[in-house]
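Notes follow the structure.
The values are calculated or read from the model by the stated rules, or taken from the named source; none is laboratory data. Everything quoted here is computed from the prediction, not taken from an experiment. Here the Cβ positions follow ideal geometry from the backbone for every residue, glycine too, while neighbour counts run over all protein chains shown. For accessibility, only protein heavy atoms count, side chains too; no ligands or nucleic acids. Shrake-Rupley method; radii C 1.70, N 1.55, O 1.52, S 1.80 Å.
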Amino acid sequence: MSWFRRKLRKLTTTGTERTQIPEGFWIKCAGCKEIIYRKEVDSNDRICPKCEYHFSISVDERISLTCDVGSFVEWSANLTSGDPLVFKDTIRYRERVKRAQKKTGRNDAMVIGEARILGWPAVVGVMDFTFLGGSMGSVVGEKITRAAERAIERRVPLILFSASGGARMQEGILSLMQMAKTSAAIARMGERNLPYISVMTDPTFGGVAASYSMLGDINIAEPGALIGFAGPRVIEQTIKQKLPEGFQHSEFLLEHGMLDLIVHRKQMRETLGRLLTFFGFKEAQPVA
Amino acid sequence: MNRHYLDFEKPLAELHEQIEKLRSGSEEGGPGNQKELDRLAHKVRAFEEEVYDKLTPWQQTQLARHPERPSMLEYVEQFVEDFVQLHGDRAFRDDPAMVGGLGRIGNREVVLLGHQKGRNLKTRVIRNFGMAHPEGYRKALRLMQFAERFGKPLVCFIDTPGAYPGLGAEERGQSEAIARNLLVMSRLKVPVVVVVIGEGGSGGALAVGVGDRILILEHSIYSVISPEGCAAILWKDGSKAPMAAEALKITARDLLELGVVDEILPEPLGGSHRDMTRMSRTIRDALVRHLTELEKLDPLERVELRYKKFCKMGIFEE
């Protein structure tokens, strides 16, 4: 049956290539590899109806799934990135940011604001992975810091949804320093006994994982989310062996003690509501 | 001595070789010979002044990673009295890539910690080339809290390619370990002085780098990602590292301009390994000067200033 065999060894299709079917009517689930009707996924909060794989969702979808209707009020939406290094790779960093802004309709990879969840007030932040891979530069760092400071000022809990590849290389060392800045802001909340809930979604890596994402008083993740410090490819190259099945998935992190709980997207609002009830911060302090 | 020459130091290697030959070739040393020696010595001097003054970011990177570059423990030996090294994170193991302990600088007791690369192949492997695992960061955390409890200033040395990207490191929570250190360091009430003595590699460096003062040796670097890693991502070509080194602004001068470091400590011509005694004295004097200044502040004020210092880092428009 030699005519069934590929004559050339080069003719192989990698797994990642196969799952990247352009998003049309049908999409291939990255979890179970089944072809599923896109609308069916969309109407199911972007969860695969067959295997419960959580597809990424937009910031707006996240807010409407989490916060009480119409309660979210955004701040600092105008913050835009500078270009401290005058960085240029294949294109200029300024141009890269502009394109991302055009694509997402947002100024940077983070949205912060105040909202209510099942009636409980909270400061809520959501990262936008579609904006330069959710990378953390000066704007993301500043917004998280402002969110924490506002939570202190208003005496309400803080909830941050992460989705990020890590620090934004194009802002160089300043992006690294955002790790220190945001962690310091979270530390100040802790000193004032204000709760911070971190929700990690697919994917959360690098400098974001290694700063505010892992610092929740409660660490939550969505099912099947990839979370870690180093990316799987880097690790494979370093240790020169294949990584075990399920490595860096939420379930792996829960097993190794890095998470408090894994929460299904459909139960997120209710779970957050229950946690906020426990902390009992009923009303936000008026803005001074 | 068998010196290690970097690629851009090759002319220097040749000059040194010539000098060596002349010296060993003629024990009597006629007047012509001496003249030639003087001429070569002059050339060496001219070459050094020319090259080390105008190092490219990539050359700085090479110097920062120089195999003979003094490590934390060597400096500690030079200027810390009654040093007692402490070990272990009390949970998993003692990470040789991160070292620390107690000692005295002048008349002041301090807690010291930092990355430790090895000095030869064997110790480099044992110390994992200065790439710490979570237990290393947790050992550092223990020392930070130790300093806090006994009210002693903390001195941290940065010299690492980065946190180790491995299976066990992920299992044991590399991200959490780094994040926890950032959180705790940012609120320490004791003075914290950080010195970047070699390579400041990303989160693995920052995990012991949240201080009131950040000092850097002249030929050290500090970066969000290694030039090789950056080049691999942006240009899909690790060999473009020199370009990435330039673009990332990782040299001491760049970092001072960006407000990430407070002071550059000058190195002996050719790098700290050329005169470790002098380098040690420079570091020691700077530490004493900064600690004296910091000790004048009220602890809470110091914490607030540290917070403000890091809050200021970042450039955005509104």
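Data table
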read-out	value
Region B:80-140: C-alpha gyration tensor shape, a/c 1.5 cut-off, then a/b vs b/c	oblate
Region B:247-307: trypsin sites (Lys or Arg not before Pro) falling in loop per DSSP and having at most 10 other Cβ within 10 Å	B:296
Long-range tail of P(r) for region B:176-318 (Cα pairs > 27 Å, %)	28 percent
Packing-based order for A:189-200, B:191-202, using average beta carbon neighbours within 10 Å, highest first	B:191-202, A:189-200
Length released on extending from residue B:92 to residue B:68, taking residue separation times 0.36 nm less the Cα-Cα span	5.5 nm
1.4 Å probe accessible area per residue over the protein assembly as shown, in Å²	44 Å²
Using θ = phi - 60° and Karplus 6.51 cos²θ - 1.76 cosθ + 1.60, couplings along region B:191-205 (whole Hz; Gly, Pro as x)	x, 10, 10, 10, 10, 8, 9, x, 9, x, x, 6, x, x, 7
Long-range HN-HN contacts of residue A:117 with modeled amide H, under 5 Å	A:68, A:122
20 Å-binned pair-distance histogram of the protein assembly as shown (Cα, whole percent)	19, 50, 25, 6, 1
For residue B:157, residues with placed amide H under 5 Å, excluding near neighbours	B:113, B:114, B:115, B:195
Dimensionless Rg/Rh of region B:243-295 - Kirkwood Rh, Rg from C-alpha atoms	1.06
Per-residue mean of C-beta atoms belonging to partner chains within 10 Å, peptide B:183-190	4
Contact surface A-B: accessible area buried, both sides summed, square angstrom, 1.4 angstrom probe	4500 Å²
Ratio Rg/Rh, restricted to chain B and using Cα atoms, in which Rh is the Kirkwood radius	1.01
Theoretical FRET efficiency, 1/(1+(r/R0)^6), r = Cβ-Cβ of residue B:13 and residue A:102, R0 60 Å, to 0.05	0.65
Region A:215-261: trypsin sites (Lys or Arg not before Pro) falling in loop per DSSP and having at most 13 other Cβ within 10 Å	A:240, A:242
Sparse-neighbour loop sites [trypsin sites (Lys or Arg not before Pro); region B:97-147; at most 11 other C-beta within 10 Å; DSSP]	none
Mean Cβ count within 10 Å, highest first, over the residues of peptides B:75-81, A:109-115, A:201-207	A:201-207, A:109-115, B:75-81
Vicinal HN-Hα couplings computed from phi for region A:24-34 (Karplus, 6.51 cos²θ - 1.76 cosθ + 1.60; Hz; Gly/Pro x)	x, 6, 10, 10, 9, 6, 6, x, 9, 6, 6
Over 22 Å (Cα to Cα) - which of B:152/B:296; A:88/B:249; A:103/B:309; A:28/B:236; B:152/B:312; B:10/B:43 fall in this group	A:103/B:309; A:28/B:236; B:152/B:312
Rounded to whole Hz, the Karplus (6.51, -1.76, 1.60) HN-Hα couplings of region A:46-52, x for glycine and proline	6, 10, 5, x, 8, 10, 6
Long-range HN-HN contacts of residue A:164 with modeled amide H, under 5 Å	A:204, A:205
